[in-house]
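Data block below; observations after.
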Amino acid sequence: MRRKLLLLLETGLVLAGLCLGAAAWKIHSALEQPLNISQEQLLDVPKGTTPTRTFYRLEADGIIKDAFWLRVYWRFNLTRQPLHKGEYRMQPGMTVEGLIDEWKRGDIVQYSLTLVEGWNFHQVRAALANNEKLEQTLNGLSDSEVMDKLGHAGIFPEGRFFPDTYRFVRGMSDVELLKKAYDRLDEVLAKEWEQRAVDVPYTEPYQALIMASLVEKETGVPQERGQIAGVFVRRMAMGMLLQTDPTVIYGLGERYSGKLTRAHLKEATPYNTYMISGLPPTPIAMVGREAIHAALNPVAGNSLYFVARGDGSHVFSDDLEAHNNAVREFQLKRRADYRSSPAPVSAPETSSGDTPNTGAPDSEAPIPAASPNPDPEALPQVAPQEAQKEPAAVPAPEPAPVPDAAAPQNPQ
């Protein structure tokens, strides 16, 4: 009897060994099988998807076989290994084991979206909405509702996001990317505020952010930013109006058609710095670190005026007479290729895969150059103020439109 029991035990062990061997062989074969694809494909793994579900989906699509054995392998060897959401690249000749190695490394295909210095919030939202790789959750919401969703209720959105290239994986939401840009701006502004010059005229970082937006819109020449900030700071100290055209354009919103007229300069809006003293109530665009640094560290000097040369740079003047001479030379006798700012850099072409994508809307969805009409309930109402006494500027020969992005000038 004892011999029979030993024989049965030995037989059971042999059979168990054979079964384990067969299972190990099946698992090995399942892992070593090449993916049944003839060209590169992207495997999209939505949030919350399990490895088991993914194996069976690949089997149903005819890309792999033996999903059951792969499930067994994962359960006994990688039970604590998470499967991150996103897209994974599948190449011809890749084995299932190679694909699993990608999952273990979290080697997810990444995309990028660039938010550009000088963009307004309307342009930011358009760039987000036109990126098909982002999960769209903000469509149809007002700007204030967007800020509510970001957790910053009551904050005016203009200028509150940092221009940069942001990497993301498929399935990230537009809200998540905006949160990154908002937090990044707060981080940069706080660091620059700590390194500000001792005599800057701001009582809080937000005022510096507003000034930085004026600097950002007035010049794209790096070495001029500090000089522009210096002009504005000295004007404020002397009680002079800032008189910067980009603020007027922003206040006009969608009514701005590309030409700024004297009538626009006399129109009362919270942003018309030809009519109000000091800074406008909010930023007028997104700003980079350089513009923030310039606003907080303005270049010392005596210049109170500047005018665009036509090649993107500016002439700075200490007094009105010199400024009027510069206006005659560079504004009233414009050359054919006149530019008030540097020529724009061509945006990278949008392509598939992980090629950087600027996020700029395509030709079917143009972005207006001006900001959307400000919400009258969201913006402070600033009454027009009387201009400070200054020497009269030399008038233009005729009441022609005022050049774009002209330098601070005295009211006519």
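The values are calculated or read from the model by the stated rules, or taken from the named source; none is laboratory data. Fair warning: this is a prediction, and the values are worked out from it, not measured in the lab. Quick reminder, even Gly has a Cβ in these numbers, built from the backbone with ideal geometry, and neighbours come from all protein chains shown.
Residues that are in contact (Cβ under 8 Å) with a residue 60 or more places away in the chain and aliphatic (A, V, I, L, M) were ranked within the range 256-283; the one that is surrounded by the fewest Cβ atoms within 10 Å (Cβ to Cβ) is Ala268. Within the range 75-90, residues that are within 16 Å of Leu58 (Cβ to Cβ) have Cβ atoms under 6 Å from residues that are acidic (Asp, Glu) in these pairs: Glu87/Asp44; Tyr88/Glu102, counting only partners at least 6 apart in sequence or on another chain.
Of the residues making up the range 146-154, not a single one is in the same structural domain as Lys65 (by TED's automatic domain parsing), surrounded by fewer than 21 Cβ atoms within 10 Å (Cβ to Cβ) and in a loop (DSSP other than H, G, I, E, B). When the range 284-302 is filtered for residues that are within 21 Å of Met240 (Cβ to Cβ) and crowded, with 21+ Cβ neighbours inside 10 Å, the ones remaining, listed by number, are Ile284, Ala294, Ala295, Leu296, Pro298.
Once the range 28-55 is narrowed to residues that are out of contact with any strand residue (DSSP E or B) (no Cβ under 6 Å at 6 or more places or on another chain) and either of a type in the set (D, E, K, R) or not assigned by TED's automatic domain parsing to the domain that holds Thr95 (or both), the residue that is modelled with the lowest pLDDT is Lys47. Among the residues making up the range 190-226, a single one is touching a Phe, Trp or Tyr at 6+ places or on another chain (Cβ under 6 Å) and surrounded by fewer than 22 Cβ atoms within 10 Å (Cβ to Cβ): Pro205. Inspect the range 101-109 for any residue being in contact (Cβ under 8 Å) with a residue 60 or more places away in the chain and within 29 Å of Ala129 (Cα to Cα) and give the result as yes or no. Checked the range 101-109: at least one residue is in contact (Cβ under 8 Å) with a residue 60 or more places away in the chain and within 29 Å of Ala129 (Cα to Cα).
Can you tell me which residue within the range 131-145, out of those that are of a type in the set (Asp, Glu) and in a helix (DSSP H, G or I), is farthest from Val287 (Cα to Cα)? Per the stated criteria, the residue is Glu145.
Counted as qualifying within the range 57-130 are the helices (runs of 4 or more DSSP H) with 3 or more residues that are more than 30 Å from Ala285 (Cβ to Cβ), namely 67-77, 96-105.
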